[in-house]
Structures are given as C-alpha cells and as structure tokens.
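Asks: Below: one structure in structure tokens.
The values are calculated or read from the model by the stated rules, or taken from the named source; none is laboratory data. Note that this is a predicted model, so its numbers are computed, not measured. Note that we place each Cβ from the backbone using ideal geometry, even for glycine, and neighbour counts take in every protein chain shown.
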Amino acid sequence: MVIPIHVEQYLLSESARQSASPEPMIKAYLIANEYDGPLSERFILNLANRFGFDWYRRIPVTFASGGHSTNYHLIPEAMTRLIEHAPPTKLHVPPTTIYFSEWKSWIKAFLQIHPFQDGNGRVASLLFNWGMNTLDEPFPLPYYKF
C-alpha cells in the first residue's frame, strides 16, 4: 500500500513529537488502516506490538503532573471495560459532534489507564483516527490537539 504524503507527514510528526522512530508508527498505521473489524483487545495489542510491546505494562507509572495511572495489576480488567464501552466507529454511524466527543473521552480514558510502557500516545492517535475513520483524511487528527 502506498501511504499518501499528507498521512506520511502526520505519522512522521507524531513520531518526532515523542522522539521515536517512525517505522513502528508506519507499520501500526498500515494495520489500523486495513482493519475494519470491531474494536478489540487483540487489535489494540496488535498496534502496540509494532512499538515493541506484546502485553500490557507490568510496572507502575507516575505522570509528569504527579498523577498516577491505573495500577498495572488492574490494566487487563480496565481495558476490557473500556473496550466494552467504546463508541461506535464512523464506519457504522454518521459523524456528529457527539460522536467526536465520545471518541475524545474514550481516548482520554485510554491514556489515563496508560496500558503500555511506551507508545501510548501513538497508539491513542491511531485509535482515535481509526475510530473516527479519519486515517486517510487530508489532516488526520492528533489526539492531543483537542
């Protein structure tokens, strides 16, 4: 698959923003762009695997703000609940402001759980654009700019 220039620029900027190599982001994008099934743990783990993680983190995390993420022992259960309450994808409903707001809230909850040691922001960005079906839009939406 040929990645459109505007999408490649988005993927490079998302990687550069976190001082990360762009190759995993490009591989994860290709997976997300091809996937048309329901949101699932397997899909999320498949994206995270491109960043080198085959399972959820096994260490505690404290955010720069001093806050704490979900206890790492509780991540599988928290992710199951989060996935069960995911908004529908844009593939199945017409886009609305409420729809955007639901995905925005879902991504914020994902980031609060902080399921992986690294790559959470990049996975969140891909999941947001996958959910909104905007992976190929002229300007994919970076999750952190809402």
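Asks: Name the residues in region 119-141 that are more than 18 Å from L12 (Cβ to Cβ), surrounded by fewer than 23 Cβ atoms within 10 Å (Cβ to Cβ) and at pLDDT 80 or above, would you?
Replies: N120, L127, listed by residue number.
Asks: When you go through A86, A64 one by one, which is the residue that is touching a helix residue (DSSP H, G or I) at 6+ places or on another chain (Cβ under 7 Å) and of a type in the set (G, A, S)?
Replies: A86
Asks: Now, a different point. Kindly provide the set of residues from region 9-26 that are of a type in the set (D, E, K, R) and surrounded by 15 or more Cβ atoms within 10 Å (Cβ to Cβ), ordered by number.
Replies: Selection gives E14 alone.
Asks: Is it the case that region 102-110 has a residue that's of a type in the set (S, T, Y) and either modelled with pLDDT of 90 or more or surrounded by fewer than 13 Cβ atoms within 10 Å (Cβ to Cβ) (or both)?
Replies: yes
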